[in-house]
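Asker: Just dropping this structure here.
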Amino acid sequence: MNIILRSFINRLESLPDKPSMDELKKSILEMDGRQLPIDEYISFSDKDYERNIVHVSSKCEVTVLCFKKGQITPIHDHDGSTGITIMREGIMTEELFNKLPTVMIAPTFTRRFHTRELSYINITTIHRVSNAHNEDLVTMNIYFPPLTLMNIYNLENTHAEKWTADYTHLKDS
């Protein structure tokens, strides 16, 4: 791992267990997280978007997501994790959803983020992320605590599936 990236991760690890968005944003801007050397973590799949773990600890996770044109995440929440997504390349389309009293979800609005912009994830965020553009999309995602569980939603019923992270194959970072 590049020394600059390692230094950034050490800075994240020095933050409180549940940093405020302001603390997290300040760390990213001070370390110029929008320009960190992450090339070794950029890889794409023809089938689905790629989720490439850079670092995970009991406190935080840093992950690089790579999307080819048309690739999309399921509708999901972050089950208690908060964080920031840094747009590294391309344009990210994010559809946001709200839970209705019936426990169904409904779309609320769509927004787009461009290279070097930041998107914030709070504990109530339910969203779907996609690359609806011709160029590749690369994001760097920082989660506090690590994203170990997500609820996967659908628009047809109230059933939510559970997604659980598998960190067993990772090398020490």
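The values are calculated or read from the model by the stated rules, or taken from the named source; none is laboratory data. Everything numeric in this text was worked out from a predicted model, so none of it was measured. Please note: Cβ atoms are built from the backbone with ideal geometry, for glycine as well, and neighbour counts cover all protein chains shown.
Asker: List the pairs whose first member sits in the range 29-47 and is farther than 12 Å from F67 by Cβ, whose second member is among the hydroxyl-bearing types (S, T, Y) and in a loop (DSSP other than H, G, I, E, B), and whose Cβ atoms are under 9 Å apart, counting only residues at least 6 apart or on separate chains?
Answerer: Matching pairs, first to second residue: R34/T115.
Asker: Let me ask you something else. Considering only residues of the range 98-125 that are of a type in the set (V, I, T) and at pLDDT 95 or above, which is surrounded by the fewest Cβ atoms within 10 Å (Cβ to Cβ)?
Answerer: Looking at residues that are of a type in the set (V, I, T) and at pLDDT 95 or above, I get T108.
Asker: Hey, among the residues in the range 19-52 that are aliphatic (A, V, I, L, M) and within 15 Å of I84 (Cα to Cα), which one's surrounded by the fewest Cβ atoms within 10 Å (Cβ to Cβ)?
Answerer: L29
Asker: Residue check: is S81 surrounded by fewer than 17 Cβ atoms within 10 Å (Cβ to Cβ) and among the small types (G, A, S)?
Answerer: Answer is no for this residue.
Asker: Given the residues N151, N141, N134, which is the only one that is closer than 25 Å to M87 by Cβ, loosely packed, with under 14 Cβ neighbours inside 10 Å and of a type outside the set (D, E, K, R)?
Answerer: Values: N151 fails: loosely packed, with under 14 Cβ neighbours inside 10 Å; N141 fails: loosely packed, with under 14 Cβ neighbours inside 10 Å.
Being closer than 25 Å to M87 by Cβ, loosely packed, with under 14 Cβ neighbours inside 10 Å and of a type outside the set (D, E, K, R) holds for just one of N151, N141, N134, which is N134.
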